[in-house]
Amino acid sequence: MERFLLDTHIWIWLIQADRDKLKRSALDQGQELHDERRLSVSAISVWEVANLAVAGRVTLSAPLDRWLDITMSDPAVDVLPLSPNILAEATRLPGTIHRDPADRMLVATARHHNLTLLTRDDDILNYAKQGHLKARKF
């Protein structure tokens, strides 16, 4: 059964049921994958959410600490740690990918755990077209 890693923006949009960013069909698919326990989030996404919230670049549906408490306590979503192997892999990804360290850690996490990365990031989707990553536009 295919399992998925959520890119940070997809995670935020799904948690908040953001109908401005995701179509109803995507929200329904996200809920189905959640109910089937097929979703994972990287620890780097927690860091990204916190940075975005503190910088005022994203508005969360609850204060940051409460939002994290709620999302991190969901037993249906695996929160994957940044292991030494993943961190090292992020520095030596094959092919051509941009230098954003958080995205590189997401890609390395997906590769390490053999997950499909759900994203809207064109750079990541183009990297997947090179054959180095399983990714799907969500």
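Each value in this text was obtained by applying a stated rule to the coordinates, not by laboratory testing. Values in this document were obtained by computation on a predicted structure and should not be read as measured data. Glycine gets a Cβ as well: all are built from the backbone with ideal geometry, and neighbour counts include every protein chain shown.
If one computes the Cα centroid of region 61-138 and of region 3-33, what distance in Å separates the two points?
Comparing the Cα centres of region 61-138 and region 3-33, I get a distance of 15 Å.
In percent, what relative contact order does the chain have, based on Cα pairs under 8 Å that are 6 or more apart in sequence?
For the chain, the relative contact order is 29 percent.
Please work out how much length the chain gains when fully extended from residue 27 to residue 134, using 0.36 nm per residue of separation minus the C-alpha to C-alpha distance, in nm with one decimal.
My answer for the length gained is 36.4 nm.
Taking the Cα centre of the chain as origin, work out the dipole magnitude from +1 charges on Lys and Arg Cβ and -1 charges on Asp and Glu Cβ, in debye rounded to 20.
The dipole of the chain has a size of about 380 debye.
Can you tell me how much longer the chain between residue 55 and residue 79 gets when fully stretched, taken as 0.36 nm per residue apart minus their C-alpha distance, in nm with one decimal?
Taking residue 55 through residue 79 to full extension adds about 6.3 nm, to one decimal.
Please check: in the Gaussian network model of the chain (C-alpha springs, under 10 Å), which one of 74, 100, 123 has the largest mean-square fluctuation.
Looking only at 74, 100, 123, the biggest GNM fluctuation is shown by 100.
Quote the FRET efficiency, to the nearest 0.05, computed for residue 19 versus residue 96 with a Förster distance R0 of 30 Å and r equal to the Cβ-Cβ distance.
0.30
Given the DSSP H assignment, sum -39500 (n - 2.57) over each helix run of at least 4 residues in the chain and divide by its residue total; what's the result at 222 nm in deg cm²/dmol, nearest 500?
-15000 deg cm²/dmol
Among all the lysines, which ones have a C-alpha under 16 Å from residue 129's C-alpha, if same-chain residues fewer than 8 places away are not counted?
137
Under 5 Å between amide H atoms, partner at least 5 residues away or on a different chain: which partners does residue 135 have, H built in plane at 1.01 Å?
Long-range HN contacts for residue 135: 117.
I want to check the label-to-label distance for residue 125 and residue 62. Put each point 7 Å from Cα in the C-beta direction and report it in nm to one decimal.
A separation of 3.2 nm, rounded to one decimal place.
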